[in-house]
Amino acid sequence: MTRIAACAVWLCLGCSSETRVDVFFEADPALAGAASSIEVRVVDTEGDTVLDTVEPLAERGLPVAIRLEPADGDATRSFLVVAHLRDAGGDRIARVAAGGGYVAGEARQLRLRFAAGCAAGLDCAGATTCVMDACVDACVAGTSACGPRDGGAPGEDAGVEPPDGGDAGAGTDAGAHEPAYLQRTVATVTTDRAMSALSEPLTVDASGGPWVVLASAQVSSSPSIAGGGRARLLVDGAEVAIGGASSADGSGGPWGAFALLSSGASHTVDVEVLPSAGTNATVAELRIVAFPLPAAHDVQLEEALDNRLIAQSAGWVTMAELTFTPARGGRYLVLAGLSATPTPAGPVQVRLEDDSGGQWPVAEGTPPHLAGVAGDRETFLLMRAPMLGVGAPARFTLQLSAGNPNSMASHARVLAFALDGFADSRHDEVLGADATSSPEPVPVASVTAPAGPVRDWIALSAITLRADGLRGAALRVGGLERRYRHDQPGVGAAAYPFFAAVSSADPVTASAAAFGDVTHREAVVHLLALP
């Protein structure tokens with residue numbers, strides 16, 4: 001085993017150069033408390049082990065970091081990092097991995113977190129790591145290469161990767177089913193300059209009909225300041241949504257976006273990370289899902305992407321209004337979202353109003369409805385699945401009320417599409433006022449699809465929380481989980497979205513849960529089976 005000297009909280013390889021990647025290791029509190037040492041191994045382009053070390057954590061604790069630099073300054077080289085936490089007895093209690101490369105002349109940061117999913121990551125091997133409780137490709141996007149692709153790390157970490165673009169443990173026999181959806185996941189990307197979160201944009205062939213694109217992630221910045229880290233969804237190079245959220249503990253907050261891809265053409269989909277000057281922006285657990293709408297569909301979209309200044313005296317202001325006459329009766333899925341910047345003097349409030357006067361969310365208290373954290377350009381995403389009558393006009397109005405004295409708002413979109421062309425659809429909407437105080441997730445809404453033939457399921461879930469201080473959401477489908485942890489002083493609310501696709505013949509359960517000191521919670525869960 002090769003030992004190296006440690007400087008402060010650093011484990012350093014070589015000397016400082018302009019082309020490098022600093023890898024930071026963090027951990028959930030329970031794992032950090034149980035850890036006595038950290039084991040780190042690094043494999044280079046040729047598959048040779050260039051670092052194999054175990055360092056005690058008694059003095060420094062977490063986070064710790066290593067500095068990776070390419071041999072001879074060659075930015076085309078790649079790396080695979082595999083790290084374990086060990087307890088006082090030397091047993092491994094957690095694992096995380098990342099493979100990637102360098103960007104010539106740039107100093108990048110990569111943050112890896114030991115978390116509870118996949119048995120604290122120990123279920124994963126080779127060039128895979130745990131994302132939302134599934135072992136997925138450990139490739140880090142936005143770099144020149146994606147780690148050693150053959151053999152993985154030495155010894156017990158040698159293993160076989162899951163197929164590109166898929167999720168291990170999704171409940172389907174490998175190679176027996178070709179999903180109709182497209183899905184891309186990225187564990188984490190940290191950068192001090194604007195860059196794509198994907199190694200290459202997602203290409204969607206919509207020549208046969210329209211597709212829907214869904215994206216969700218957690219966005220943060222270091223240092224954690226209002227507006228310090230943002231992400232934006234791009235479709236064919238055009239900005240569709242932008243936002244981010246700060247937090248007291250640096251964990252950031254939720255980001256969500258959706259888009260409709262028009263039929264008759266091929267489209268590119270990308271997510272760009274945007275840090276503010278003097279900060280590093282991080283996009284964590286990014287998941288993009290794209291799926292085709294059934295041949296028999298009724299789809300409607302209204303949008304207003306321009307930036308607007310909303311004065312408090314204006315009251316409730318309409319940002320986008322979707323009005324249409326349904327071509328068929330039955331259930332429609334309605335998605336609504338916008339970006340808005342609360343001011344320090346008062347949070348924004350967001351609601352979607354239907355033609356009967358019903359409002360989503362229906363949060364009670366002061367301020368009512370959905371409120372943001374001051375100073376951030378946040379994304380707010382609401383979803384429902386109402387029943388509409390054939391030939392009866394329907395109207396959905398996305399509205400915003402500014403803080404004091406004003407707020408910026410943009411990227412308002414309302415999308416509705418009929419669900420009668422899907423093979424199956426299941427829904428749970430829990431909209432009544434409720435409260436909870438628990439450090440662990442408390443279920444709010446859940447739906448289960450029974451066993452049957454292998455089907456492609458699209459899961460959409462969101463939970464709206466109003467809380468003081470620490471709050472969070474756990475959103476799950478099958479073996480995948482997205483857990484948001486959002487620590488923000490003062491009373492505020494946010495919408496936590498989650499989208500995922502799974503192929504399974506087994507029963508599939510999707511659920512939404514809340515934790516923290518929550519004074520109000522509402523949740524919606526939808527499962528759609530592609531035909």
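What to note about this one:
- Any chance Ala449 is out of contact with any Ser or Thr (no Cβ under 9 Å at 6 or more places or on another chain) and hydrophobic (A, V, I, L, M, F, W, C): no
- Output for segment 55-67, where each listed residue is farther than 19 Å from Arg111 by Cα and of a type outside the set (Gly, Ala, Ser): Pro56, Glu59
- Residue list for segment 341-361, restricted to those being modelled with pLDDT under 70 and part of a loop (DSSP other than H, G, I, E, B): Pro344, Ala345
- Residues that are in a loop (DSSP other than H, G, I, E, B) and modelled with pLDDT under 50, drawn from segment 1-18: Met1, Thr2, Arg3, Ile4, Ala5, Ala8, Val9, Leu13, Gly14, Cys15
- You will find that of Ala394, Ala474, the residue that is out of contact with any helix residue (DSSP H, G or I) (no Cβ under 8 Å at 6 or more places or on another chain) and closer than 20 Å to Ala257 by Cα is Ala474 and no other.
- Against the numbered list (1) crowded, with 16+ Cβ neighbours inside 10 Å; (2) at pLDDT 90 or above, Glu285 comes up short only at (2).
- Scanning segment 176-191 for residues that are at pLDDT 90 or above and not in a strand (DSSP E or B) returns Pro179, Ala180, Tyr181.
- In this entry, Ala226 is excluded by the filter for residues that are assigned by TED's automatic domain parsing to the domain that holds Arg466 and under 24 Å from Leu475 (Cβ atoms).
- Members of segment 313-335 that are in contact with an Asp or Glu (Cβ under 8 Å, 6 or more places away or on another chain), crowded, with 17+ Cβ neighbours inside 10 Å and among the aliphatic types (A, V, I, L, M): Ala320, Leu322
- Considering residues of segment 504-531 that are of a type outside the set (A, V, I, L, M, F, W, C) and touching a Phe, Trp or Tyr at 6+ places or on another chain (Cβ under 9 Å) only, the residue farthest from Arg455 (Cα to Cα): Glu522
- Looking at segment 265-317, the strands (runs of 3 or more DSSP E) lying wholly inside it that each contain 3 or more residues that are within 30 Å of Ala418 (Cα to Cα), touching a Leu at 6+ places or on another chain (Cβ under 8 Å) and not acidic (Asp, Glu) sit at 266-275, 280-292, 299-304.
- Residue that is modelled with the lowest pLDDT [pool: residues in segment 60-90 that are within 17 Å of Glu39 (Cβ to Cβ) and surrounded by fewer than 14 Cβ atoms within 10 Å (Cβ to Cβ)]: Gly61
- Selection status of Ala423, touching a residue at least 12 places away in the same chain (Cβ under 8 Å), touching a strand residue (DSSP E or B) at 6+ places or on another chain (Cβ under 7 Å) and crowded, with 16+ Cβ neighbours inside 10 Å: no
- Per the conditions (1) under 22 Å from Leu68 (Cα atoms); (2) at pLDDT 85 or above; (3) of a type in the set (Gly, Ala, Ser), the sole criterion not satisfied by Ala138 is (2).
- Matching residues in segment 472-503 - criterion: being over 20 Å from Trp255 (Cα atoms) and touching a Phe, Trp or Tyr at 6+ places or on another chain (Cβ under 7 Å): Val502
- Selection over segment 298-336 of residues that are closer than 20 Å to Val212 by Cα, of a type in the set (Gly, Ala, Ser) and at pLDDT below 95 gives a count of 3.
The values are calculated or read from the model by the stated rules, or taken from the named source; none is laboratory data. Bear in mind the structure is a predicted one, so any value in this text is a computation, not a measurement. Using ideal geometry, Cβ is built from the backbone for each residue, glycine included, and neighbour counts are taken over all protein chains shown.
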